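Working notes for the structure below.
The values are calculated or read from the model by the stated rules, or taken from the named source; none is laboratory data. Worth saying up front: this structure is predicted, and the values here are computed from it rather than measured. So basically every Cβ, Gly included, is an ideal-geometry build from the backbone, and we count neighbours across all protein chains shown.
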Amino acid sequence: MKLGRIWNTLANPKRIPRFYSVIVGLVLIAGFIVPMAYDNHQLYPRPTPQLQIDEQDPFAPYDRGGAPLTEPGIVKSQYPQFAAKQGYVTGYLSPISILVSNTTLYFGTSIYSSPGGLIDEILYYSRGFDTVLESSILMMAFVVASWVALNFTMKRKED
Amino acid sequence: MDISILGGPILGIIPLGDIVLYFTPFNLFMFAAALAFTALIAISSTESQVEAEFGTLKNREVKVDKAEFKLRRFLAIVCGLATAGAMVTGDLFDFTLFVTLIGIVNIGIVAAVKEIDVLDAAFQYGLIAMIGTLPLFGGAALVLAATGTISLLQIVQIPYTTSLMAFGSILFFLGVAGETGVAPFFATKAEMFRTPGSPFLLIIHLSSLLVIVRTIEILLIINKPF
């Protein structure tokens with residue numbers, strides 16, 4: 001087959017996603033033979049799995065310690081000099097959260113744990129710009145979807 | 001591979017917690033180009049195309065109506081701002097988010113046309129952008145796992161390159177290709193059906209070009225081939 005024919009076959013919007021997913025699939029399969037050498041000094045470390053649960057900690061697996069506004073909890077960041085107040089609100093609990101955490105051992109995985117319970121400082125403080133961008137992506141997706149739905153999807157058969 | 005070899009001396013940084021935006025002459029030039037083009041788009045209006053009719057000597061004017069025009073201008077401005085942000089960000093995950101924002105907005109620009117053929121092309125582009133998020137975020141996550149950090153200013157100081165870092169950056173490149181790299185293809189295919197063209201379509205090409213250039217810079221920072 002000539003090269004020009006191959007290009008012409010590819011120049012069809014319907015074929016491009018299939019072609020692309022075949023390439024992604026091949027690369028992912030090739031990834032099985034890549035040695036998985038992870039770095040041991042991770043920026044955002046996690047405690048050992050089940051460690052806090054075995055300690056009967058009601059905040060497991062998200063316990064970071066600390067008292068609000070007085071003693072910082074355990075929150076690491078890449079540039080501590082740019083996040084001076086880090087960890088000071090990690091230990092904040094709303095009154096409902098305090099009530100629930102006193103009655104059950106599974107507070108950390110319940111719906112009470114956010115928001116107003118365990119505030120995730122990585123999400124809202126040291127990497128807060130990412131959260132802004134994520135919400136913008138969601139907003140743009142809704143703008144596009146609602147505009148398309150309002151303008152053509154209903155009328156497609158009439159065209 | 002030092003940042004100063006790739007882009008010149010670092011002129012300044014904007015620290016947003018862990019996300020540090022840095023400015024070198026190279027990045028600053030692309031940032032300014034994206035912003036200048038966005039400003040041009042914000043003040044421009046659609047071109048109306050004049051078509052010669054077959055069989056008569058009359059002309060037909062093809063115009064874009066106002067609602068369509070407004071949405072496409074809005075999406076084009078957001079796309080330009082996201083491109084400008086992607087040029088100066090010094091954080092790998094932040095860059096992937098900017099690229100995803102560009103991809104979503106590109107789908108909107110291609111899809112906001114009242115032609116069924118164009119909508120079909122936009123649907124295919126939406127599929128490829130959704131598939132592309134897997135290698136994009138997977139690649140960034142593998143680079144984080146292999147280096148322990150996602151700040152480019154920290155990655156550049158790591159003296160070695162592991163095979164996992166190379167594999168992560170290959171996935172990352174595939175993801176960028178899927179999110180914005182194929183956008184000009186779909187825009188051009190759609191433009192063939194869409195005669196009332198507009199200046200807004202050009203932002204897709206510009207953002208794709210700038211993002212690919214920046215991606216290559218990031219790949220050189222991660223892999224240090226020289």
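Points to keep in mind about this one:
Residue-by-condition table, conditions (1) β-branched (Val, Ile, Thr); (2) at the interface with chain A (Cβ under 7 Å from one of its Cβ atoms); (3) surrounded by 24 or more Cβ atoms within 10 Å (Cβ to Cβ):
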{"position": "B:Gly103", "(1), (2), (3)": "no, no, yes"}
{"position": "B:Gly108", "(1), (2), (3)": "no, yes, yes"}
{"position": "B:Lys114", "(1), (2), (3)": "no, yes, no"}
{"position": "B:Tyr125", "(1), (2), (3)": "no, no, yes"}
{"position": "B:Val143", "(1), (2), (3)": "yes, no, yes"}
{"position": "B:Leu164", "(1), (2), (3)": "no, yes, no"}
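- Helices (runs of 4 or more DSSP H) (entirely within region A:1-97) containing at least 3 residues that are surrounded by 12 or more Cβ atoms within 10 Å (Cβ to Cβ): A:15-30, A:51-54
- Taking every residue in region B:145-157 that is in contact (Cβ under 8 Å) with a residue 24 or more places away in the chain and pairing it with any residue that is in a strand (DSSP E or B) and of a type outside the set (A, V, I, L, M, F, W, C), at least 6 positions away or on another chain, the pairs with Cβ-Cβ distances below 7 Å are B:Ile150/B:Asp91; B:Ser151/B:Asp91; B:Leu152/B:Asp91; B:Leu153/B:Tyr22.
- Scanning region B:68-87 for residues that are more than 10 Å from chain A (Cβ to nearest Cβ), within 13 Å of the chain's Cα centre (by Cα) and either surrounded by fewer than 24 Cβ atoms within 10 Å (Cβ to Cβ) or polar (S, T, N, Q) (or both) turns up B:Ile77, B:Thr83, B:Ala84.
- The one condition from (1) surrounded by fewer than 24 Cβ atoms within 10 Å (Cβ to Cβ); (2) among the hydrophobic types (A, V, I, L, M, F, W, C); (3) more than 9 Å from chain A (Cβ to nearest Cβ) that B:Ile131 does not meet is (3).
- Taken over region B:138-159, the criterion of being over 26 Å from B:Thr24 (Cβ atoms) and either touching a strand residue (DSSP E or B) at 6+ places or on another chain (Cβ under 6 Å) or not aliphatic (A, V, I, L, M) (or both) is satisfied by B:Gly138 alone.
- Listing of strands (runs of 3 or more DSSP E) fully contained in region B:1-62 that carry 2 or more residues being within 30 Å of A:Ala84 (Cα to Cα): B:12-16, B:19-23
- A:Tyr38 being at pLDDT 80 or above and within 21 Å of B:Gly148 (Cβ to Cβ): yes
- Selection status of A:Leu118, at pLDDT below 80 and in contact with a Phe, Trp or Tyr (Cβ under 6 Å, 6 or more places away or on another chain): yes
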